[in-house]
Amino acid sequence: MPFTTSRRRFLKRSGLALGAAALPAWLLEREEAQAAAIDKPALAELALSIARKAGANYADIRINRYRRESISAREKQVQGVARSQSFGFGVRVLLNGAWGFAASREVTPDAVRRMASLATDIARANAAHQKTPIRLAPAPAAHATWKNAFQKDPFDVPLDPKIQFLLRINEAALRVKGVSFIDSSLEFMNEQKFYASTDGSSIEQYLIRAFPTFNVTAVDAARGDFQQRACLASPQAVGYEYLESYPFLTEAEQAAHEAVEKLKAKSVTPGKYDLVLHPSHLWLTIHESVGHSTELDRALGWEADFAGTSFLTPDKMGKFQFGSQLVNFIADRTQPHGLATVGYDDEGVPAERW
């Protein structure tokens, strides 16, 4: 696995564990009860009515709850268990061609009033400095409730079966002679998202994502060398049934054999070769070369001080050949179990394929 990906995953898991460690169980339970009790449509109408009365051209509100669970194991030991959640809302207002935004983790009528008024004030202040007024593309109003396809909600499954799943994976790999280490992990995420706008939309979505994975290491201490083989299963928008339907134990054993084989393999003779990328790596190639370069904020120069710019500037639209005539790239937010698959995007627009 590329170092950058491994480093990102490590930092993500470390941050999740540290953040979750600070949250006591009673706080998680209290926020869960609070999230279930609130009247989201009523709070939305309150925020939108305040924006309308202030003269807003457009306004929307998002009331979201995010839950995460992360479990890791190494060899025969559990390394860590982390659970966290965040709950809050944000109000966005378009007034005199400028945006204003305010948010709070206190999801109450009083907080909604304050944030809606604050977002309106910020928009009015920004308008004095807005060179080009913002105009929104028209979008039809939508009223919908949507869930991604899953059979078992992983947050309803007790902790012990998840731990035993990881330990069985580790055991399968360690049975192979020559294997030195194995680490495995589970990550689950749940997004509960409510969106309403002055255009008349009211959308509620419930998303589940799962990421079981492992990494096997074989070490040759005499040569001072080691080789690894990571799990080929990708994260998916699917439930706990992913752990039961994919052959993780079989692949763990296969990965162990292949890590040992890599350790014993001869070095590649220098020369010119045709390169065939496995899908487990090709996604990263596409992500870096196509995904980042086609991001609009980079193309417009809005990320120059953070992540860089792009050679694919708007003036090349329809005139620049990006790659070979044999290559097609498709972005698909409707593909079953896709991580980006949703019913509606964050602007209330139905998911598309392009």
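Couple of notes before you dig in:
- Counting residues in the range 150-166 that are farther than 23 Å from residue 80 by Cβ, of a type outside the set (Ser, Thr, Tyr) and at pLDDT below 95 gives zero.
- Options 253, 261, 244; residue that is within 23 Å of the chain's Cα centre (by Cα), among the acidic types (Asp, Glu) and not in a strand (DSSP E or B): 244
- Qualifying positions in the range 98-130 - open to solvent by 10 Å² or more (accessible area, probe 1.4 Å) and assigned to a loop (DSSP other than H, G, I, E, B): 105, 106, 108, 128, 129, 130
- Checked against (1) modelled with pLDDT under 95; (2) not in a strand (DSSP E or B), residue 87 passes all but a single condition, namely (2).
- In this structure, residue 270 does not satisfy being over 23 Å from residue 155 (Cα atoms) and at pLDDT below 95.
- Residues that are part of a loop (DSSP other than H, G, I, E, B) and either touching a residue at least 40 places away in the same chain (Cβ under 8 Å) or under 30 Å from residue 255 (Cβ atoms) (or both), drawn from the range 273-323: 273, 274, 275, 276, 277, 278, 292
- Residue list for the range 51-79, filter: touching a strand residue (DSSP E or B) at 6+ places or on another chain (Cβ under 9 Å) and either on the phi > 0 side of the Ramachandran plot or open to solvent by 40 Å² or more (accessible area, probe 1.4 Å) (or both): 52, 55, 57, 62, 66, 67, 68, 74, 75, 78, 79
- The residues on offer are 152, 177, 147, 162, and the sole one that is touching a Phe, Trp or Tyr at 6+ places or on another chain (Cβ under 7 Å), among the charged types (D, E, K, R) and farther than 18 Å from residue 65 by Cα is 152.
- Cβ separations smaller than 7 Å between residues 6+ apart or across chains give the following pairs from the range 240-262 residues that are under 25 Å from residue 208 (Cα atoms) to residues that are of a type in the set (Gly, Ala, Ser) and part of a helix (DSSP H, G or I): 249/172; 252/172; 252/173.
The values are calculated or read from the model by the stated rules, or taken from the named source; none is laboratory data. Quantities reported herein were computed from a predicted structural model and do not represent experimental measurements. Cβ atoms come from the backbone with ideal geometry, glycine included; neighbour counts cover every protein chain shown. The accessibility values were calculated without ligands, DNA or RNA, using every heavy atom of the protein model including side chains. Shrake-Rupley method; radii C 1.70, N 1.55, O 1.52, S 1.80 Å.
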